[in-house]
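Working notes for the structure below.
The values are calculated or read from the model by the stated rules, or taken from the named source; none is laboratory data. Quick caveat, the model's predicted, so the values are computed rather than measured. Here Cβ is always computed from backbone atoms with ideal geometry, including for glycine, and neighbour counts include all displayed protein chains.
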Amino acid sequence: MNSIAISDWLKTQNELRAFVYKKVRDKALAEDIVQDVYLKVYTHISSLKESDSITAWIYRITRNVISDHFRKQSKTLHSFELDWENQDVNYNECVSSCLKDMLHQLPSKYREAIELTEFHNLSQLQLAERLQISYSGAKSRVQRARQILREKMDIAYHIQHDAYGNAIACQSRLACGCE
């Protein structure tokens, strides 16, 4: 490893640790992942092109190592986590349907923000222009709408996700067609 790469690595190591920790929420695991990244950087430094930014390259490796970790983790499901009787249920569709039903419970300004960004594929900048509000106001409105929906979903349903974000279990805490 050349001296430029070593100095860049040392400079980004603490930032990298914080970045990984935000993704995995486990200090020991974050340390392990950073060490895996270090090994990959060390063994693949020769593949770095002169035009590549070493910091961007290190973060790309880091994101791949984190993805690999979650991919491996998602393959180890325990039998007690699965609903063997209802194997044909598509929980993603069920959760999506429940979210759409709950969308109607939102105040109109939040419902409109979610509908335009999520269902009509407007960017938040386009949303701001359309609603004639500031960009930060549009971002806040979408985030607040998502937060309200998340809180309503947490009250109404117990949903388990795999590492990819797919719903693998959905149990109603209220009356719902998910079960």
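Please find, within the stretch 6-29, the residue that is modelled with the highest pLDDT out of those that are under 14 Å from ILE61 (Cα atoms) and over 21 Å from the mean Cα position of the chain (by Cα). The selected residue is GLN13.
If you go through the stretch 126-165 and keep only what is surrounded by 17 or more Cβ atoms within 10 Å (Cβ to Cβ), under 13 Å from ALA113 (Cβ atoms) and not charged (D, E, K, R), you end up with LEU127, ALA128, ALA138, VAL142, ALA145, ILE148, LEU149. Can you find a residue that is touching a helix residue (DSSP H, G or I) at 6+ places or on another chain (Cβ under 9 Å), within 29 Å of PHE119 (Cα to Cα), surrounded by 14 or more Cβ atoms within 10 Å (Cβ to Cβ) and at pLDDT below 80 anywhere in the stretch 85-93? No: the stretch 85-93 contains no residue that is touching a helix residue (DSSP H, G or I) at 6+ places or on another chain (Cβ under 9 Å), within 29 Å of PHE119 (Cα to Cα), surrounded by 14 or more Cβ atoms within 10 Å (Cβ to Cβ) and at pLDDT below 80. None of ASP36, ASP32, ASP68 is surrounded by 11 or more Cβ atoms within 10 Å (Cβ to Cβ), of a type in the set (Asp, Glu), modelled with pLDDT of 70 or more and in contact with a helix residue (DSSP H, G or I) (Cβ under 8 Å, 6 or more places away or on another chain) except ASP36. Quick one: would you say LEU131 is of a type in the set (A, V, I, L, M, F, W, C), more than 30 Å from CYS94 (Cβ to Cβ) and modelled with pLDDT of 90 or more? So LEU131 passes the test.
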